[in-house]
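Since the structure comes first, as structure tokens, the remarks are kept for the end.
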Amino acid sequence: MGDKAHTHPGAAGRAQAADRPTSVRNVVLVGHSGSGKTTLVEALALTAGAVNRAGRVEDGGTVSDHDEIEHRQQRSVQLSLVPVEWNGIKVNLLDTPGYADFVGELRAGLRAADAALFVVSAADGVDGSTRMVWDECAAVGMPRAIVVTHLEAARADFEEMTRVCAETFGGDDPDAVLPLYLPLRGPEGPDGHAPVTGLIGLLTRKLFDYSSGERVANEPVGDQVPLIEEARGRLIEGIISESEDETLMDRYLGGEDVDVRTLIDDAERAVARGVFFPVLAAAPAAPGARQGLGTVELLDLITGGFPTPLEHGTPQVTTLDGRPRELKPCDPDAPLVAEVVKTSSDPYVGRLSLVRVFSGTLRADQTVHVSGHGLTDRGHEDHDVDERVGALSTPFGKVQRPVSHVIAGDLACVAKLSRAETGDTLSSKDDPLVIEPWEMPDPLLPQAIEAHSKADEDKLSQGLSRLVAEDPTMRLEQNQDTHQVVLWCLGEAHADVALERLRSRYGVQVDVVPHRVSLRETFGGRASGRGRHVKQSGGHGQFAICEIEVEPLPNGSGIEFVDKVVGGAVPRQFVPSVEKGIRAQARKGVAAGHPLVDVRVTLLDGKAHSVDSSDAAFQTAGALALREAAADAKIHLLEPVAEVSVLVGDDYVGTVMSDLSGRRGRVLGTEQSPGGRTLIRAEVPEIEIGRYAVDLRSLSHGTARFSRRYVRHEPMPPQVAERVKGEARAAS
């Protein structure tokens with residue numbers, strides 16, 4: 001960790017390919033938008049690559065893949081990988097977006113990582129979404145550490161933030177969340193603010209001064225010494241309480257001076273086991289400096305305290321027919337099992353797949369089997385094919401450095417996998433396997449789109465299929481009822497990025513149009529109709545007359561057709577024609593253009609002509625009869641109703657329930673959930689929850705989640721139905 005003797009910077013640098021799993025650390029950075037994750041990654045990369053073996057400062061330029069969209073959005077919108085080398089260890093830093101709309105990228109980063117670094121702003125604190133991700137990591141035992149940023153802010157208070165982190169993340173054991181260092185502030189400036197210039201190591205009692213732009217170790221002096229002792233004693237007790245040596249606490253309480261090396265080793269083991277969560281501080285380097293404050297300590301923690309891929313179990317693996325397959329953890333010589341954790345398009349090399357290898361070794365130009373998860377319900381093309389791997393590379397900013405192979409535990413980019421999508425498994429073509437998919441949130445914000453021009457229409461289908469191949473949190477729907485193309489997203493920012501990518505990457509311009517829900521129509525009571533289709537214009541004419549009765553049926557009955565014609569008034573060969581015309585008209589609707597459902601149509605009588613009657617004539621008569629019956633009847637509009645399940649913090653239960661009632665919702669019940677949260681179940685008309693993904697985030701300050709499932713169609717209130725019918729008449 002940061003307190004141990006540090007290897008000469010000549011051992012640092014930009015990582016390429018690892019030679020064994022023990023020389024890899026995969027770390028995901030987690031935190032809310034604006035907490036400083038990307039800036040921290042850049043600082044770590046600058047520190048790790050600052051000095052090469054010749055003593056030359058390397059270029060620390062662009063280290064994360066900021067595309068044009070990220071520059072315009074002024075925030076990260078995608079997962080990026082920055083590999084660096086420190087003390088002979090390859091560290092894969094996975095930078096994730098902090099905004100809730102891009103949680104799919106965060107989950108991909110969590111899947112690819114073996115440990116998490118939670119980035120917390122000293123100025124802004126810990127938000128609800130970060131707490132939820134911490135709980136998810138805790139549920140699977142992922143090792144974690146916390147780094148406090150923005151120490152330069154006027155209201156920044158490291159000690160207070162450490163207390164908040166212990167209270168928020170420590171749960172029943174706040175002493176498991178403790179600082180390893182205390183920030184050292186320099187003289188106050190003209191504005192009264194004292195900048196942080198160094199760190200005091202609590203275990204070694206060393207002072208690490210960064211004021212010169214490089215880390216310089218000194219002994220604390222004067223009033224710095226008392227700052228250490230109280231915090232040091234608490235830290236030692238916290239480390240010892242998690243020690244695997246059960247005698248250590250008794251020895252310490254008995255007055256024994258525990259060796260610093262023993263404490264560091266115990267702390268590293270506790271971090272790797274996910275039972276101790278150190279708090280560190282970091283700040284970017286000043287212009288012209290080579291090391292940002294706290295970056296050396298963080299890199300030492302990552303390489304010394306975070307687990308190797310060997311200590312992280314392989315996700316569940318099965319054969320293609322679902323039989324479990326046991327694999328030795330992270331063995332480069334075992335059968336190949338790798339997973340595509342991100343897919344992106346590069347204007348020069350085409351499709352790039354970021355891959356985590358869990359077992360075996362992936363080699364350039366190797367033929368592999370690509371197994372999808374059949375996400376056809378999200379608009380993804382089902383696939384199960386063999387593909388030839390293109391070039392392998394490890395990224396650094398926009399530069400791809402070629403590598404010949406990637407061993408188990410490492411990550412790399414694969415070029416030209418034309419069919420592979422995010423979440424797919426790569427395995428041996430002779431022994432195809434599939435990894436259990438990771439959990440992805442359902443996209444619940446609909447965006448109905450239309451091609452802007454005929455040229456765009458020709459490219460729209462291919463552009464959309466590529467878009468959903470990159471992002472499994474996006475769902476493409478071709479709605480058969482409304483005839484709309486709907487892109488389901490996680491939020492407005494997610495939708496904006498998707499449409500911008502359609503335009504900039506795939507050259508497709510689209511227009512957003514109002515999203516329509518799938519309404520239905522039905523009869524409110526019995527009604528009769530007569531369809532008369534009689535025309536004479538030279539040659540054969542058209543003659544068909546039919547009389548029908550329509551009555552409502554229970555919900556879910558569909559269209560029922562009954563033939564009660566007697567005496568051959570409608571010849572037998574034309575009865576199916578009447579039914580066909582009625583069903584065709586029912587699909588078009590009889591009042592507001594929505595499909596007619598849940599009625600019984602009975603054919604009672606009719607007339608035919610020996611020469612002029614035909615299949616087409618009786619189809620037309622059947623449709624006319626249904627329209628006439630509808631003209632004299634009360635037609636109900638049926639709207640889809642969804643069961644909505646909202647998981648929300650107890651503080652917001654009242655607000656959420658009140659909002660659901662305002663959406664014509666019926667609360668079915670509530671139940672307590674762990675972590676001070678409540679699950680609310682309600683039935684709500686779908687027309688009222690089109691933007692619920694956005695509104696709920698605002699109501700709950702980003703801490704609530706919801707799911708929805710279609711339940712049934714039911715009659716729409718008259719005043720709402722009249723408004724919808726009026727809009728339909730105006731549109732026509």
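The values are calculated or read from the model by the stated rules, or taken from the named source; none is laboratory data. As the structure is a computational prediction, the values presented were derived from the model and not from experiment. Cβ coordinates were reconstructed from backbone atoms using ideal geometry, including for glycine residues, and neighbour counts include every protein chain displayed. Remember, those area values only see protein heavy atoms, side chains included, never the ligands or the DNA or RNA. Shrake-Rupley method; radii C 1.70, N 1.55, O 1.52, S 1.80 Å.
Given q = 0.10, 0.15 Å⁻¹, what are the Debye log10 I(q)/I(0) values for segment 446-544, with equal point scatterers placed on the Cα positions and solvent ignored? Calculated log10 I(q)/I(0) at the listed q: -0.46, -0.64.
Ignoring everything except DSSP H segments at least 4 long, calculate the 222 nm mean residue ellipticity for the chain; use -39,500 (n - 2.57) per segment, divide by total residues, nearest 500.
On the way: 16 runs with 197 residues, N = 732.
Rounded to the nearest 500, the figure is -8500 deg cm²/dmol.
Amide H to amide H distances under 5 Å link E85 with G13, R14, A15, V91, where only residues 5 or more positions off or on other chains count and H is placed in the peptide plane.
When both segment 259-312 and segment 615-671 are represented by their alpha-carbon centers, they are found 55 Å apart.
Rounded to whole Å, the principal axis extents of the Cα atoms in segment 522-586 read 47, 24, 17, largest first. Relative to the compact-globule estimate of 2.2 N^0.38 Å, the Cα radius of gyration of the chain comes out at 1.21. Please work out the C-alpha center-to-center distance from segment 540-591 to segment 414-442 and express it in whole Å. The distance from the Cα centre of segment 540-591 to that of segment 414-442 comes to 51 Å. Whole-Hz Karplus values for segment 646-657 come out as 10, 9, 9, x, 4, 5, 10, 4, x, 4, 5, 5 Hz, taken residue by residue from phi with 6.51 cos²θ - 1.76 cosθ + 1.60 and θ = phi - 60°; glycine and proline positions read x.
Once a ≥ b ≥ c are taken as the square roots of the eigenvalues of the Cα gyration tensor of segment 441-497, is the result rounded (a/c under 1.5), prolate (a/b larger than b/c) or oblate (a/b not larger than b/c)?
Values: a/c = 1.76, a/b = 1.38, b/c = 1.27.
Prolate, since a/c reaches 1.5 and a/b exceeds b/c.
Across segment 434-450, coupling constants 3J(HN,Hα) worked out from phi with the 6.51/-1.76/1.60 Karplus curve, θ = phi - 60°, read 9, 8, 4, x, 7, 6, 10, x, 7, x, 10, 10, x, 10, 7, 10, 9 Hz, and Gly and Pro carry x.
To the nearest ten degrees, helix 615-631 and the longest principal axis of the Cα atoms of the chain are 80 degrees apart. The amide H of R185, built 1.01 Å from its N in the peptide plane, has T197 as neighbours under 5 Å, considering only residues 5 or more places off or on other chains. Along segment 722-727 the Karplus relation, 6.51 cos²θ - 1.76 cosθ + 1.60 evaluated at θ = phi - 60°, assigns HN-Hα couplings of 5, 5, 5, 5, x, 5 Hz to successive residues, with x for each Gly and Pro.
Using a/c under 1.5 as the rounded threshold, could you call segment 239-329 rounded, prolate or oblate? The axes a ≥ b ≥ c are square roots of the C-alpha gyration tensor eigenvalues, and prolate needs a/b larger than b/c, oblate otherwise. Kindly include the intermediate steps, with their values, before the conclusion.
Details: a/c = 3.82, a/b = 1.27, b/c = 3.01.
Oblate.
Near L178, the amide H atoms lying under 5 Å from its own belong to F277, V279; only residues 5 or more places off or on other chains count, and H is placed 1.01 Å from N. Take each peptide in 29-40, 623-634, 309-320, count the other Cβ atoms within 10 Å of every residue, and average; sorted highest first, the result is 29-40, 623-634, 309-320.
Per residue, how large is the accessible surface of the chain? Use a 1.4 angstrom probe and give square angstrom.
43 Å²
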